[in-house]
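Report on the following structure.
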Amino acid sequence: MKLFFVLMLALSSNSFAVTGKVKVGAVLPISGAIATFGQENANGIKLALSKLKSKNIELIIEDDKSEAIEATNAIRKLINVDKVSIVIGEVTSSNTLAMGPIAQAAKIPLFSPAATNAKVTMVGNFVSRACFTDDFQGVVMARFAVNDLKKKKGLILIDNSSDYSKGLAKSFNDEFLKLGGTFVSKEELTYVQKDMDFQSLLRKIKRANPDVIFLPGYYGEVGLIIKQARSLGITAPFLGGDGWDSPDLFKIGGSAMKGNYISSHFAPDDKDPKVQSFVKDYEKAYGAKPGAMAALGYDAIGIVADSISRAKSTKPVDINTALLATKNFNGVTGLISIDENRNSKKAAVVLETTENGFIFKNKVNP
Amino acid sequence: MSQDTIYFLWDCLQYLINGITQGSLYALVALGYTMVYGIVRLVNFAHGEFLMIGSFCGYFALQLHLPMYLSILVAMLGAGLAAVITERLIYRPIRSAGRIPALITAIGASMFFQYGGQVIFGASPKTIPPVILEKIYNFGELTISNLQILILVVTTIVLIFLWWLTVKTKIGKAMRATSFNINAAELMGINTNKVITFTFFLGASLAGLAGMLMGYLTPLEPMMGTIIGLKAFVAAVVGGIGIIPGAALGGFILGIAENLVAGLYKSSYRDGVSFLILIVILLIRPSGILGKNIKEKV
Amino acid sequence: MDYILQLILMVGIFIILALSLNLINGFCGQFSLGHAGFWGVGAYMSAVYSVYFALPIPVAFNMLIAIIVGFISAAIAGLIIGIPCLRLRGDYLAIATLGFGEILRIIIMNTESVGGPRGFINIPKWSNMTWVYLCVILTILFMVNLKRSTFGRAIISIREDEIASETMGVNLFRYKLFSFTVGAGIAGIAGALFAHTQQFLHPTNFTFMWSVVILVMIILGGLGSITGSIIGAIVLTLFPEALRFFGENIAQLRMTIYSLILIILMLWRPTGLFGTHEFSIKKFLGSKS
């Protein structure tokens, strides 16, 4: 025991010795249930760091095993032992909510690349994010359904184990009704994560016969649901959010994926040269096409680096002030400004799914 | 009858069929739990991980363009070997130390395979290439896929094979003897270590088979074994742990109940209903549906 | 040094959890795998009090009420589960408690007013070092005194041989239910402390895996040993954190190493570090001279 504390003290005193560098911490799910998100996000962050000209950022990534307790331990370690000036993390809303009060109390900025729940940034003025919120995505897709696809008979299928899904569903519901749409099922149709068989749900959907189905879930279940829906003869297009955005969706769904639409942060086939060079670099470094998680990680550290250089200081408070003042940062996920509620104001892209990937459909400004 | 009632009846029938298919998978995994428990009284928590290892072996076999039946064989062998090695290195030394240390070791092994799997295979899910094209058959309002039929047929064959193995063969007799009383079996000249190794191999290879069948339905990932492992374990207990037909019965009961609840009510309570059944059964029949109640003697 | 203070707090909370499980599993010999469920009930119920029903009185009194709420709610859960389940034995009891633990978690998951799958936020930070270690000391004193009392001896006799102890006139069911209910209640105290230390609760904090972690603590320390439980809680809380200090390459391997060491420790000392023995200053000095 003593040895352990001596070791920790030795390590912590070490961190004072390094000067001139800004330490940036990251808490991400590198292992555990959602490791795939965390690893992709970390890849984006590391890639961006290797591209940055200024070499004064030292990055320390901590794993949280995809759990809240570990996330709070990890951020405390980063703040107290490593003395980081800013923390990037987490990719899920619940783990970011767990870390929020700690960052707020320590007055260290916490900048989440991908936590989309509205409550996340309400914790305090030191918590902000690099992505839009759930409400925005629901609105975008409702408008897309009514205005672009001209579909007015809708149905919503909710992942009941995720607050993300419920949030998107609610904002879609409200906007869709406002635009004159109707819902064909009175019953709330839900599933939970790790379900494998959706026949029973899909039969109810088939009988309700909607024109368009909003399915704000994660790609694992979404791929299976659409595959099973198509083989049951349901032809209505499915709409979704950024939870679908993973290359693995197409490995799961296969040819059934054709002709559905999602809102997301980023389009890999965007003609913007900045996006194209990012996609090329990412493929070279990791041998796979980047998803939204990688792009968000890439932009998150980009905004942080930009704030640090504008702050001209290593003090967390100064960095936070600069971070919150971010205006029109030109990232791979669009022009990003942080608004007065510390959320990112930026465009969403609507992507169409094909058999083997997403193609860019249009861009929706906030 | 109104149209709604007719739909309701069709639905129930559909959930029943889906439940039997899912129950078959639970049963295949539960068989391994039960056989191991019957012989060494160890709740082998790493059993779900053998399923994961098996399905990954099968996946790599398919990547090497081996035919489907060979890939299933590879999956079964891979899972079986993993179990034999685990048994030899970890479970055998701890066996004499009592049941709780053995249980903790099994949980440690389970975690080791999960997190180790994430390091070796990566966390992102893998999909088995579509070697079997999914076909859907319609009967009125019912839909059955060829995969469901495949799963049912395989499970039936396995059950018949296991019955033959335990009742008609020499190794089966040795297994039953060891399960009845390990010391007496040893005195009768049965090499109990060999029997235990064989049981582990057999149980895990069934899990590998289930893993491969599951792989046609869902993507593979290193954590895939935990939930089905836990459910199969519950199924084994519901049926009466240590009893082979009990595992199959428990698997089917759980599969059907889960699908009925998910279909007619809400799938959020799918896991809840399994555990509820478990508790109700344990309270009514403390050693499972087919289990015998053994009174302790002084 | 907020990080180290936090770890010391977590160590304290896990010492309470380990000791409470030791009462059920180590003293009374009843194998429970649903302990995280009681921990969760205590945590959530005390947080419900502090978020929705907190009285306008000084924080110290409110925290005391939160702890009492945690204790009572978890004890009631323990009683409800214990009455039917304690008729079961050994592995079956373990499985039944596992089932109940998971059902409790699924109920939390489906309750919107406590945050459901998002997690319970905005819990006030009422707990501190004094509260946690006051509870640790009280729990230790309770356990030490219990172990020496007639009541405690009766409980231990159940562990050693149920039938023999019954013939000696021990009312099996009453003693089992007592240790199960009180053990659950103490886990509820740990839950209340946890909720007001972390300020955030999530259903994944209370899964079956956490029941296992607590179980490993008492087995690693030595089943039935109070000292062992304390050491086990300290080691297993700090060990995964200590692995953070070996560089970034370890980050991915952290949990693999953790499980590997768990296996090795179990193989090396299956009865735990302390067996059923206790640390005593007398023995310690005696062995030295």
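Based on what the data block shows, is C:S165 under 19 Å from C:I226 (Cβ atoms), of a type in the set (S, T, N, Q) and surrounded by fewer than 22 Cβ atoms within 10 Å (Cβ to Cβ)? Answer is no for this residue.
Among the residues of the stretch C:177-187, none qualifies, meaning not one is without any contact (Cβ under 8 Å) to a residue 24 or more places away in the chain and within 30 Å of C:L238 (Cβ to Cβ). When residues in the stretch A:99-111 are screened for being touching a residue at least 40 places away in the same chain (Cβ under 8 Å) and closer than 28 Å to A:G217 by Cα, 2 of them pass.
Taken over the stretch B:22-50, the criterion of being of a type in the set (V, I, T), at pLDDT below 90 and assigned to a helix (DSSP H, G or I) is satisfied by B:I39, B:V40. Before we move on, is A:D134 crowded, with 24+ Cβ neighbours inside 10 Å, in contact with a strand residue (DSSP E or B) (Cβ under 7 Å, 6 or more places away or on another chain) and among the acidic types (D, E)? Here the answer is no, as A:D134 does not meet what is asked. Just one residue in the set A:I262, A:I252 is more than 14 Å from chain B (Cβ to nearest Cβ) and surrounded by 16 or more Cβ atoms within 10 Å (Cβ to Cβ); that residue is A:I262. Check whether at least one residue in the stretch B:91-107 is closer than 27 Å to C:L21 by Cβ and assigned to a loop (DSSP other than H, G, I, E, B), and report yes or no. There is at least one residue in the stretch B:91-107 that is closer than 27 Å to C:L21 by Cβ and assigned to a loop (DSSP other than H, G, I, E, B). In the condition set (1) touching a residue at least 60 places away in the same chain (Cβ under 8 Å); (2) out of contact with any Phe, Trp or Tyr (no Cβ under 7 Å at 6 or more places or on another chain), B:K231 is compliant with all but (2).
Quick grid of which residues meet (1) at pLDDT 90 or above; (2) within 18 Å of B:F113 (Cβ to Cβ); (3) surrounded by 24 or more Cβ atoms within 10 Å (Cβ to Cβ):
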| position | (1), (2), (3) |
| --- | --- |
| B:S179 | no, no, no |
| B:G208 | yes, yes, yes |
| B:M223 | no, yes, no |
| B:A236 | yes, no, yes |
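Within the stretch C:102-111, the set of residues being facing chain A (nearest Cβ under 9 Å) and either surrounded by 21 or more Cβ atoms within 10 Å (Cβ to Cβ) or under 14 Å from A:S94 (Cβ atoms) (or both) comprises just one member, C:M109. Pairing each residue of the stretch A:185-197 that is closer than 11 Å to A:L224 by Cα and within 7 Å of chain B (Cβ to nearest Cβ) with any residue that is among the small types (G, A, S) and assigned to a loop (DSSP other than H, G, I, E, B), provided the two are 6+ apart or on different chains, yields C-beta distances under 9 Å for A:K194/A:S161.
Among the numbered conditions (1) surrounded by 24 or more Cβ atoms within 10 Å (Cβ to Cβ); (2) touching a Pro at 6+ places or on another chain (Cβ under 8 Å), the only one that A:K107 does not meet is (1). Please go through the stretch A:51-78 and give me each residue that is hydrophobic (A, V, I, L, M, F, W, C) and either surrounded by fewer than 24 Cβ atoms within 10 Å (Cβ to Cβ) or in contact with a Leu (Cβ under 7 Å, 6 or more places away or on another chain) (or both), ordered by number. A:L52, A:I57, A:L59, A:I60, A:I61, A:I69 - these are the residues of the stretch A:51-78 that are hydrophobic (A, V, I, L, M, F, W, C) and either surrounded by fewer than 24 Cβ atoms within 10 Å (Cβ to Cβ) or in contact with a Leu (Cβ under 7 Å, 6 or more places away or on another chain) (or both). On the stretch given as the stretch A:64-78, residues that are closer than 24 Å to A:N43 by Cβ and either modelled with pLDDT of 90 or more or more than 7 Å from chain C (Cβ to nearest Cβ) (or both) total 9.
A search for C-beta distances below 6 Å between a residue of the stretch C:251-278 that is surrounded by fewer than 21 Cβ atoms within 10 Å (Cβ to Cβ) and any residue that is assigned to a helix (DSSP H, G or I) and aromatic (F, W, Y), counting only pairs 6+ apart in sequence or on different chains, returns C:S259/B:F112; C:L260/B:F112. In the stretch C:2-35, which residue that is in a loop (DSSP other than H, G, I, E, B) and surrounded by fewer than 24 Cβ atoms within 10 Å (Cβ to Cβ) is farthest from the other protein chains (Cβ to nearest Cβ)? This residue is C:G29.
For (1) assigned to a loop (DSSP other than H, G, I, E, B); (2) surrounded by fewer than 20 Cβ atoms within 10 Å (Cβ to Cβ); (3) of a type in the set (F, W, Y), each residue gets a yes or a no:
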residue: A:I213; (1), (2), (3): no, no, no
residue: A:E221; (1), (2), (3): no, no, no
residue: A:I226; (1), (2), (3): no, no, no
residue: A:P268; (1), (2), (3): yes, no, no
residue: A:Q276; (1), (2), (3): no, yes, no
residue: A:K280; (1), (2), (3): no, yes, no
residue: A:L296; (1), (2), (3): no, no, no
residue: A:I301; (1), (2), (3): no, no, no
residue: A:S307; (1), (2), (3): no, no, no
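Going through the stretch A:334-366 one residue at a time, which ones are of a type in the set (D, E) and not in a loop (DSSP other than H, G, I, E, B)? Answer for the stretch A:334-366, where residues must be of a type in the set (D, E) and not in a loop (DSSP other than H, G, I, E, B): just A:E352.
Residues are listed down the side, and each one gets a yes or a no for (1) modelled with pLDDT under 85; (2) within 14 Å of chain A (Cβ to nearest Cβ); (3) buried (at least 20 other Cβ atoms within 10 Å of the Cβ); (4) touching a strand residue (DSSP E or B) at 6+ places or on another chain (Cβ under 7 Å):
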| position | (1), (2), (3), (4) |
| --- | --- |
| C:C85 | no, no, yes, no |
| C:F100 | no, no, yes, no |
| C:S113 | no, yes, no, no |
| C:P124 | no, yes, no, no |
| C:S127 | no, yes, yes, no |
| C:T130 | no, no, no, no |
| C:Y133 | no, no, no, no |
| C:V136 | no, no, yes, no |
| C:L141 | no, no, no, no |
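Considering the stretch B:236-254, and only residues there that are away from chain C (no Cβ under 12 Å) and of a type in the set (V, I, T), the residue that is farthest from B:G23 (Cα to Cα) turns out to be B:I243.
Out of everything in the stretch C:127-145 that is assigned to a helix (DSSP H, G or I) and over 17 Å from the mean Cα position of the chain (by Cα), what residue ends up being farthest from C:L7 (Cα to Cα)?
C:N145
Of the listed requirements (1) of a type in the set (D, E, K, R); (2) touching a residue at least 40 places away in the same chain (Cβ under 8 Å); (3) surrounded by fewer than 24 Cβ atoms within 10 Å (Cβ to Cβ), B:R270 misses just one: (2). Taking the listed residues C:L215, C:L238, C:L193, C:L243, the one that is within 14 Å of chain A (Cβ to nearest Cβ), surrounded by 23 or more Cβ atoms within 10 Å (Cβ to Cβ) and not in a loop (DSSP other than H, G, I, E, B) is C:L193, with no other qualifying. Residues that are closer than 30 Å to A:G25 by Cα, within 17 Å of the chain's Cα centre (by Cα) and without any contact (Cβ under 8 Å) to a residue 12 or more places away in the chain are absent from the stretch C:212-223. Taking each residue of the stretch C:57-80 that is in contact (Cβ under 8 Å) with a residue 60 or more places away in the chain and looking for partners that are part of a loop (DSSP other than H, G, I, E, B) and among the aliphatic types (A, V, I, L, M) with beta-carbon atoms closer than 9 Å, six or more apart or interchain, yields C:N62/C:A54; C:N62/C:L55; C:A66/C:A54.
Within the span defined as the stretch B:121-132, one or more residues are farther than 21 Å from B:L66 by Cβ, within 13 Å of chain C (Cβ to nearest Cβ), in contact (Cβ under 8 Å) with a residue 12 or more places away in the chain and buried (at least 21 other Cβ atoms within 10 Å of the Cβ).
The values are calculated or read from the model by the stated rules, or taken from the named source; none is laboratory data. None of the values given here were measured: they were computed from a predicted structure. Cβ coordinates were reconstructed from backbone atoms using ideal geometry, including for glycine residues, and neighbour counts include every protein chain displayed.
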